[in-house]
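What follows is a set of notes on a single structure, which appears directly below.
Each value in this text was obtained by applying a stated rule to the coordinates, not by laboratory testing. Here the structure is a predicted model, which is why all the values come from computation and not from measurement. FYI the Cβ positions are ideal-geometry reconstructions off the backbone, even for glycines, and counts take in every protein chain you see.
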Amino acid sequence: MSPETTVGPLQLSLALALIVTAAATLYSRHRLTGVVLFLVFGVFLSIYWGVIGAPDVALAEAVIGTGVTGALFGYTATVMPRPAHDRRGSIARTIAGLAGGAGIGAGLGYFLTRAAAAPPGGSGEPVGLTGQATAAVPATGVEHPITGVLLNLRSYDTLMEMVVLLSAATVAVAFAPRSDAGSSTRGGAPASEQRGPAAPPIVRGFVSLVAPVVLLFAAWLLFAGSTQPGGAFQAGAALAAVMILVQTSGVGRLRIGPAMICLLLLGVLAFIAVGLGGLVLGDAWLLLRGEHAGTVTIALECILAVTIGASLAAVFLASAGRRR
Amino acid sequence: MSALLPAAVLLPVITALACLALPRRAQPISGFLGGLASAAVNAAVVVAVTSHGVLEHHMAGWAPPLGIALRADGLAAAFVGLTGAVGFATLVFAASAEATTGRRTGFWPLAMLTWSGLMGIFLAADLFNAYVALEVLGLSAVGMVALGGRGAPRAALRYLIVAVVGSMLLLTAIGLVYAATSTLDMDLAGQRLTAEDGWLPLVLAATGMGLKTALVPMHAWLPPAHAGSPPAVSPLMSALVVKGSFYLILRLWLDVFPRNDAVALVLGVLGAVAVIWGGVLALAQRRLKRIVAYSTISQVGYLFLAFPLLNLPGHQPAMVSAVVAMALAHGLAKAAMFTAAGALMLGTGTDHVDGLVGAARSEGVLTAGMILSAVSLIGLPMSLGFTAKWQYLEVALQTGAWWIVLVLLTGTLLAAGYLLRPLAALIRDSDTHEEVGQAEIGPRPAAQRWVPLALGAMAVGAGLFTTDLTALTSIGWG
Amino acid sequence: MIELSVASLTLWTGALLTGLALVRLLTVEDLIARLIALNLTGGGTLLILVGLAARTEPVDPVPQALALTGIVITVAFTGVGLILVRAVDDDERPSRSADGRAHGHDEEANA
């Protein structure tokens with residue numbers, strides 16, 4: 001991003017589109033409409049990230065923030081399509097909400113831009129960490145600075161982020177739909193109904209074709225991450241997308257069983273193992289330098305991607321659950 | 001030595017992984033063993049800080065500002081110790097019967113992830129890392145709340161929204177601090193942040209953490225989440241999870257943000273309102289777990305009441321010691337109260353105060369634990385709760401902050417009022433009150449009797465070690 | 001056109017998004033709409049985060065890495081939120097009237 005340049009019409013219209021679709025999403029009267037508008041918003045947002053020079057964030061927003069999140073919302077809104085019958089959802093209320101929100105946003109924006117305009121530190125402090133981070137990246141064994149930050153300089157953050165995902169996956173396991181009809185205490189829907197309607201053959205055929213392509217895309221994202229935008233999280237989300245497609249189309253049956261649980265554990269376990277390795281071979285947890293650093297990073301990213309994919313898929317399965 | 005710090009964060013995670021991999025029947029034993037090991041690491045951190053001073057570990061070998069440091073000073077060590085004691089005691093309680101952990105699996109891994117999140121916050125020396133650890137804590141705590149009975153998912157969902165909004169406010173604050181100081185390291189940011197740049201992130205962070213700590217008027221989410229949780233979850237939520245977000249705002253207040261009297265006053269006044277309003281609400285409750293939950297709102301008020309006093313030059317070390325004593329006293333006593341309430345609820349099938357009449361006759365040990373806990377919560381002499389309030393009182397009197405003296409006294413009376421009623425019901429002999437029968441209480445496993453007693457005894461007994469606590473909290477600064 | 005840097009535009013967009021979504025988050029009753037509002041608040045917050053740090057050339061990789069982390073954390077919370085929405089639905093279904101109309105469900109949400 002070149003901060004000094006003034007914005008062109010593209011950036012400005014994208015920003016406007018973001019605000020307008022956000023308002024429309026927030027105040028849509030039906031769940032499904034809201035979800036569709038949310039997807040549109042997500043597309044605009046990822047384009048905006050790309051335009052302002054943050055391609056990694058753009059990719060993550062597209063695949064995770066819009067793709068996987070959209071699938072999660074979409075499925076729930078489809079099986080629970082009851083309108084968000086906001087009884088008092090009158091025009092007056094909508095206008096009041098928009099006005100209040102815009103007011104708060106304007107206040108926040110005013111203070112934020114004022115804060116950002118002040119010269120940082122004042123006494124010749126470096127602006128941001130760009131220089132230091134770029135200088136340190138070669139030691140991490142990867143070329144792409146953001147991957148270097150995520151998996152080396154600030155790898156502990158990424159480890160804790162994996163723990164956040166593990167927490168979500170644990171909740172998914174606790175709320176996993178009971179796949180055995182016998183053990184389900186309430187509802188007691190027969191097994192065939194639990195699966196929801198099977199997609200028509202053409203859809204299943206399409207999914208069988210598309211799934212390998214998306215898998216390839218995931219692999220590309222993973223390996224691209226060491227030199228250019230992409231990485232474990234984007235690849236993991238693409239993996240999750242494949243699993244969700246396979247599940248919803250009826251091509252395959254996934255369930256939160258022992259195999260899935262193993263995949264959920266693997267990433268954090270491997271990460272902690274790398275951390276311990278750093279302590280034993282070096283003198284700090286997670287220390288990763290030298291000639292093998294790049295290889296270890298790529299191997300770790302592969303495992304992380306699998307766990308990220310499995311975690312997101314498990315969350316999807318638990319939220320899709322057993323329907324009437 | 002400093003390599004202990006990441007171990008304190010990651011050992012609970014490994015325990016959580018083991019619990020997740022095992023079937024529900026085997027989870028208590030692995031959780032218990034992992035909890036024991038984690039508690040030992042926590043104790044080791046406290047001992048190491050006491051004997052060696054501040055510990056600091058540079059993760060991945062990168063020093064701040066580029067890398068992330070973990071740091072344990074006396075303040076952090078005190079909370080690390082609290083987590084070890086309360087966490088382990090609650091795990092023993094949870095291992096006593098499956099019914100303590102709710103109707104679904106998930107308690108053991110989620111409890112250990114909560115533990116890990118807490119350690120991550122207490123040991124964080126990096127702003128963004130503290131945010132990520134806070135999210136670990138928030139999400140695992142939401143999961144634990146959801147394990148409760150009917151109504152728990154809705155309470156958990158409400159708590160989730162609160163948790164996310166609070167973290168987003170914090171994240172915006174962190175962005176502002178980074179923009180102003182070009183670093184995420186707390187100490188460096190504290191050195192570089194000017195009063196001019198500091199007020200907006202302070203307001204945002206204080207609002208966010210106030211929301212997550214249930215500071216009045218942002219408290220309405222707490223009672224359903226804390227009272228509706230399974231018996232083994234409520235003590236963790238109230239004694240520890242609430243402390244996570246409070247610790248963070250205290251840490252930022254002391255290390256990062258420039259002094260700001262206006263914000264201190266607002267926080268103090270809200271704390272004062274919380275002490276009184278929370279107490280009044282607790283008086284109005286008829287169910288034991290809800291009384292204890294509303295009491296948390298009141299006790300959180302005391303924590304925020306410290307901010308105006310923390311700002312006074314010359315009194316800061318004394319007030320840090322006081323607020324730590326207050327947090328520890330509340331943690332220990334509230335864990336005792338919630339484990340006791342949970343055991344009574346499992347034994348009688350109700351936590352309605354009228355349904356507990358005469359329970360002391362068969363559950364003497366448990367009742368003794370509740371009495372000790374109440375002694376500390378009210379703040380009767382010799383207990384840790386007393387010494388904490390006494391330290392507040394000293395500073396307030398020296399500086400002429402009479403309103404704080406008044407709040408302390410009123411809060412003490414209110415606590416006596418809302419705690420004596422359920423205790424009186426337990427002790428009351430049902431013969432003299434024919435209209436209510438004696439509570440039928442099923443035999444409780446030994447752990448459910450002795451854990452509340454042990455925690456209550458700690459809440460009272462720790463009052464004898466106030467000087468050691470003051471010495472501990474002063475390590476590393478001031 | 002007014003002098004407006006990309007960083008300021010990003011900040012303003014993020015602030016407006018956050019404001020709009022936050023108000024809706026706190027007022028809407030439908031649980032799914034609430035989770036969508038939560039996601040938009042998250043998007044706004046990340047725009048603010050990157051907009052605040054966008055003052056260098058080339059781009060500072062640290063705030064971008066933070067934004068990536070933020071996106072992943074948001075999806076974790078959203079997923080758990082939707083699991084809970086389903087649990088609430090299961091929890092409260094028996095209390096719904098027999099004719100299948102779903103009143104008494106969404107409007108219970110408060111705060």
Query raised in the report: Can you give the net charge of the other residues whose Cβ lies under 12 Å from the Cβ of residue B:422, counting K and R as +1 and D and E as -1?
Result: +4
Report summary line: Here the tail fraction of P(r) beyond 30 Å, over all Cα-Cα pairs of chain A, rounds in percent to 48
Query raised in the report: By Kyte-Doolittle mean hydropathy of at least 1.6 and Cα axial length of at least 27 Å, which whole DSSP H helices of chain B are selected?
Result: B:74-95, B:127-146, B:261-283, B:402-427
Query - Alpha-carbon spread of the stretch B:234-373, three principal axes, descending order, Å - result: 54, 25, 20
Query - Cβ-based charge dipole, the protein assembly as shown, positive-most Cα from B:157, B:279, B:426 - result: B:426
Query raised in the report: Taking only the alpha carbons of the protein assembly as shown, what extent do you get along each of the three principal axes, in Å, biggest first?
Result: 79, 70, 62
Query - Exposure rule at most 15 other beta-carbon atoms within 10 Å, DSSP loop GluC sites (Glu not before Pro): chain B longest free segment - result: B:1-433
Requested in this report: Tabulate in residue order the Karplus-calculated ³J(HN,Hα) for the stretch C:10-25, using 6.51 cos²θ - 1.76 cosθ + 1.60 with θ = phi - 60°, rounded to whole Hz; enter x for Gly and Pro.
Outcome: 4, 4, 5, 4, x, 5, 5, 4, 4, x, 4, 6, 5, 4, 5, 4
Report summary line: With a Förster distance of 30 angstrom and the Cβ-Cβ distance between residue B:63 and residue B:467, calculated FRET efficiency to the nearest 0.05 equals 0.25
Query raised in the report: Just how far, in whole angstrom, is the stretch A:135-166 from the stretch B:293-370 if you go by their alpha carbon centroids?
Result: 41
Report summary line: Computed for the stretch B:266-478: size of charge dipole around the Cα centre, +1 on C-beta of each Lys and Arg, -1 on C-beta of each Asp and Glu, debye to nearest 20, value 300
**Report entry** the stretch B:266-478 - convex hull of alpha carbons, volume per residue in Å³
**Finding:** 108
Report task. In debye, nearest 20, what is the charge dipole magnitude of the stretch B:119-234 about its Cα centre with +1 on Lys and Arg Cβ and -1 on Asp and Glu Cβ, if you could check? Result -> 640
Query raised in the report: In nm, what is the difference between 0.36 nm times the number of residues separating residue A:262 and residue A:295 and their Cα-Cα distance?
Result: 9.5 nm
Report summary line: Contour minus Cα-Cα span, residue A:117 to residue A:255, at 0.36 nm per residue, comes to 44.5 nm
Requested in this report: Can you tell me the equivalent ellipsoid semi-axes for the stretch B:1-116? Use √(5λ) from the Cα gyration tensor, largest first, whole Å.
Outcome: 29, 16, 10
Report summary line: Rounded to whole angstrom, the alpha-carbon centroid of the stretch B:77-129 lies from that of the stretch B:412-429 at a distance of 29
Query - Distance (nanometres) between label positions extended 7 Å along Cα→Cβ at residue B:362 and residue B:286 - result: 2.4
Requested in this report: Name the residue farthest towards the positive end of the dipole of chain A from the options A:17, A:92, A:260, assuming +1 on Cβ of Lys and Arg, -1 on Cβ of Asp and Glu, about the Cα centre.
Outcome: A:92
Requested in this report: For n ≥ 4 DSSP H runs only, could you compute -39500 (n - 2.57) per run for chain B, divide by its residues and tell me the 222 nm figure to the nearest 500?
Outcome: -24000 deg cm²/dmol
**Report entry** Label-to-label distance, nm, for residues given as residue A:302 and residue A:228 (7 Å Cα→Cβ offset)
**Finding:** 2.2
**Report entry** Label-point separation in nm, residue B:191 to residue C:26, each point 7 Å along Cα→Cβ
**Finding:** 3.8
Query raised in the report: So what are chain B's ellipsoid semi-axes, whole angstrom, largest first, if each one is the square root of 5 times an eigenvalue of the alpha-carbon gyration tensor?
Result: 34, 26, 20
Query - Rg over Rh, two decimals, the stretch A:8-85 (C-alpha only, Kirkwood Rh) - result: 1.04
Query - Stokes-Einstein D (µm²/s) once Rh is taken as the Kirkwood radius of the stretch B:339-391 over alpha-carbon pairs, at 4 °C in 1.567 mPa s - result: 107
Query - 14 Å tail of the calculated P(r), the stretch C:6-93, as % of Cα pairs - result: 68
Query - Summed residue charge, Cβ within 14 Å of residue A:64's Cβ, Lys/Arg positive, Asp/Glu negative - result: -3
Report summary line: Per the charge dipole of the stretch B:266-478 (beta-carbon charges, Lys/Arg positive, Asp/Glu negative, Cα centre), the residue among B:370, B:388, B:442 reaching farthest to the positive end is B:388
Query raised in the report: Ranked highest first by average number of other Cβ atoms within 10 Å, how do A:277-284, B:342-349 line up?
Result: B:342-349, A:277-284
Report task. Calculate the dipole size of chain A relative to its Cα centre from +1 charges on Lys and Arg beta carbons and -1 charges on Asp and Glu beta carbons; express the result in debye to the nearest 20. Result -> 1800
